[in-house]
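S.K.: Quick one: the structure is below, questions incoming.
The values are calculated or read from the model by the stated rules, or taken from the named source; none is laboratory data. Quick caveat, the model's predicted, so the values are computed rather than measured. Neighbour counts run over all protein chains shown; Cβ positions are idealised from the backbone, glycine included. Heads up: the accessible areas ignore ligands, DNA and RNA and are worked out on the full protein's heavy atoms, side chains in. Shrake-Rupley method; radii C 1.70, N 1.55, O 1.52, S 1.80 Å.
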Amino acid sequence: VGTLDEVGVTAQNLGQRSAINRQIRSNSIVNIVSKDKIESLPDQNAAESVGRLPGVAIQRDGGEGQKVAIRGLSPRFNSITINGERLPSSDANDRSFDLSALSSDAIQGIELFKSWTPNLEGDAIGGTVNFVTKIADKDWNGKFRYLHGYNGQQQEFGQHRINFDIGNRFFSDKLGILLSANYQRADRSQDRFGGDYNVQADVNNQGIEETFTENINLEDRLETRYRYGATASIDYTFDRGDIRLFTNYSQTDRDQIRRRRRYRFDS
């Protein structure tokens with residue numbers, strides 16, 4: 001049996017350490033995620049990244065996260081901001097925002113505020129999610145990421161996610177320019193079951209209500225989603241403060257084939 005004098009573990013959660021310290025020093029209830037933590041997770045979009053935080057639930061479509069519910073409240077009661085600027089609603093029926101349009105590769109940090117402070121939106125009853133975008137590092141640098149996956153339902157390996165960014169700082173590191181592009185192909189096929197039911201009222205006053213099945217729908221939905229995106233970030237640092245310009249382009253194409261069989265019991 002051998003003995004060890006010392007065991008040293010380094011480079012673990014170095015990027016997340018400052019985020020944890022900010023949470024400890026904060027006067028409000030806040031969760032902060034750093035860029036290193038986001039990049040270590042295979043999240044499909046920004047909604048998936050936020051969904052890993054405590055007190056957050058994800059509303060999904062085809063298995064993919066779209067909107068977040070904070071502390072059990074509907075997404076329409078939350079506020080979504082980028083660098084402190086509020087995003088307009090992407091839903092025609094309420095003021096919620098679809099986070100699947102924002103790639104997690106363009107995010108440098110996530111700040112989730114669960115309590116009100118004077119600098120936050122007053123109508124965010126559930127909470128506020130603020131995304132901090134990436135800025136260019138010193139000297140020319142680029143990063144390429146490729147993720148590959150397998151879909152068990154369709155039994156295919158055609159799941160791809162690619163991201164590339166490049167940037168540099170100029171004029172004594174005061175001006176930073178960062179360009180990023182991403183592509184994703186994901187199979188969101190699913191088998192669905194649905195039915196319509198009818199309750200017959202107690203017409204004979206015997207305290208009995210009968211439930212009848214009117215029809216049953218069995219659906220086989222084949223769906224492939226293609227997502228294209230690009231971001232550009234420009235920042236200029238002054239002696240007291242900085243200016244940031246961030247723009248994002250996102251497009252999602254869906255190819256669907258639906259096969260449905262309906263059983264009508266009334267006929």
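S.K.: Where does each of 108-116, 53-61 land if you order them by average Cβ count within 10 Å, highest first?
M.R.: 108-116, 53-61
S.K.: Another question, then. Pairs of lysines 8 or more apart, or on different chains, with alpha carbons under 25 Å: count those in the chain, would you?
M.R.: Close lysine pairs found across the chain: 18.
S.K.: Something else about it: Using only the C-alpha atoms of region 113-267, find the volume of their convex hull and express it per residue in Å³.
M.R.: For region 113-267, the hull spanned by Cα atoms encloses 212 Å³ per residue.
S.K.: How much net charge surrounds Ser74 when only the other residues with a Cβ under 12 Å from the Cβ of Ser74 are counted, with Lys and Arg +1 and Asp and Glu -1?
M.R.: Every neighbour counted, the sum reads +2.
S.K.: Mind putting a number on the dipole of region 137-267 about its Cα centre? Charges go on the C-beta only, +1 for Lys and Arg and -1 for Asp and Glu, and I need it in Debye to the nearest 20.
M.R.: 660 debye
S.K.: Still on this structure: Express the carbon and sulfur contribution to the solvent-accessible surface of region 45-126 as a percent, rounded to the nearest whole number, probe 1.4 angstrom.
M.R.: Answer for region 45-126: carbon and sulfur cover 51 percent of the accessible area.
S.K.: Mind checking the angle between helix 14-25 and the chain's longest principal axis? C-alpha axes, 0 to 90 degrees, to the nearest 10.
M.R.: The angle comes out at about 80 degrees.
S.K.: Continuing with this model, one more query. With a ≥ b ≥ c taken as the square roots of the eigenvalues of the C-alpha gyration tensor of region 196-267, please select rounded if a/c is under 1.5 and otherwise prolate if a/b is larger than b/c or oblate if it is not?
M.R.: In terms of gyration-tensor shape, oblate.
S.K.: Only residues of region 126-159 count here: report those whose backbone N is under 20 Å from the spot 7 Å along Cα→Cβ of Tyr236, or say none.
M.R.: 133-139
S.K.: Out of residues 5 or more away from Gly195 or on other chains, whose amide H comes under 5 Å of its own, with H placed 1.01 Å from N in the peptide plane?
M.R.: Correct list: Asn217.
S.K.: Kindly report the accessible area of the chain per residue (heavy atoms of protein chains, probe 1.4 Å, no ligands, DNA or RNA), in Å².
M.R.: Heavy-atom accessible area per residue stands at 62 Å².
S.K.: OK, next. Report the convex hull volume per residue for the chain, counting only C-alpha atoms, in Å³.
M.R.: 279 Å³
S.K.: Using helices alone, I'd like the mean residue ellipticity at 222 nm for the chain: each DSSP H run of four-plus residues gives -39500 (n - 2.57), total over residue count, nearest 500.
M.R.: -2000 deg cm²/dmol
S.K.: Using a Förster distance of 30 Å, how high is the FRET efficiency between Gln190 and Leu73, based on the Cβ-Cβ distance and rounded to 0.05?
M.R.: Result of the calculation: an efficiency of 0.65.
S.K.: Which parts of region 250-267 would a label at Gln200 reach, counting a residue when its backbone N lies under 13 Å from a point 7 Å out along Cα-to-Cβ?
M.R.: 266
S.K.: A further question on this structure: Once you put a point 7 Å from the Cα of Arg221 and another 7 Å from the Cα of Leu245, both along the Cβ direction, what distance in nm separates them?
M.R.: Distance between label points: 4.1 nm.
S.K.: Another question, if that's okay. Work out the FRET efficiency for Tyr150 and Ile177 from their Cβ-Cβ distance, taking R0 = 51 Å, and round it to the nearest 0.05.
M.R.: 0.85
S.K.: Turning to a different aspect of this structure: Show me, for region 214-226, the HN-Hα J-couplings you get by feeding each phi into the Karplus relation (A = 6.51, B = -1.76, C = 1.60, θ = phi - 60°), rounded to Hz, glycine and proline as x.
M.R.: Going residue by residue, I get 8, 7, 10, 10, 10, 10, 10, 10, 9, 9, 10, 10, 10 Hz, with x marking Gly and Pro.
S.K.: Also: So for region 179-230, what are the equivalent ellipsoid semi-axes in whole Å, largest first, each being the square root of 5 times an eigenvalue of the Cα gyration tensor?
M.R.: For region 179-230, the ellipsoid semi-axes come out as 48, 13, 5 Å.
S.K.: Can you work out ³J(HN,Hα) from phi for every residue in region 32-48, in order, using Karplus 6.51 cos²θ - 1.76 cosθ + 1.60 and θ = phi - 60°, giving whole Hz and x for Gly and Pro?
M.R.: My calculation for region 32-48 gives 10, 10, 8, 5, 4, 5, 5, 5, 7, 10, x, 6, 6, 7, 5, 5, 5 Hz in order.
S.K.: Short version: ³J(HN,Hα) in whole Hz for each residue of region 82-89, in order, from phi by Karplus 6.51 cos²θ - 1.76 cosθ + 1.60 (θ = phi - 60°), x for Gly and Pro, what are they?
M.R.: Listing the rounded values in order: 10, 6, x, 9, 6, 8, x, 5 Hz.
S.K.: Would you please put 139-145, 237-243, 77-83 in order of how densely packed they are, using the mean number of other Cβ atoms within 10 angstrom per residue and starting with the highest?
M.R.: Ranking the peptides 139-145, 237-243, 77-83 by packing returns 77-83, 139-145, 237-243.
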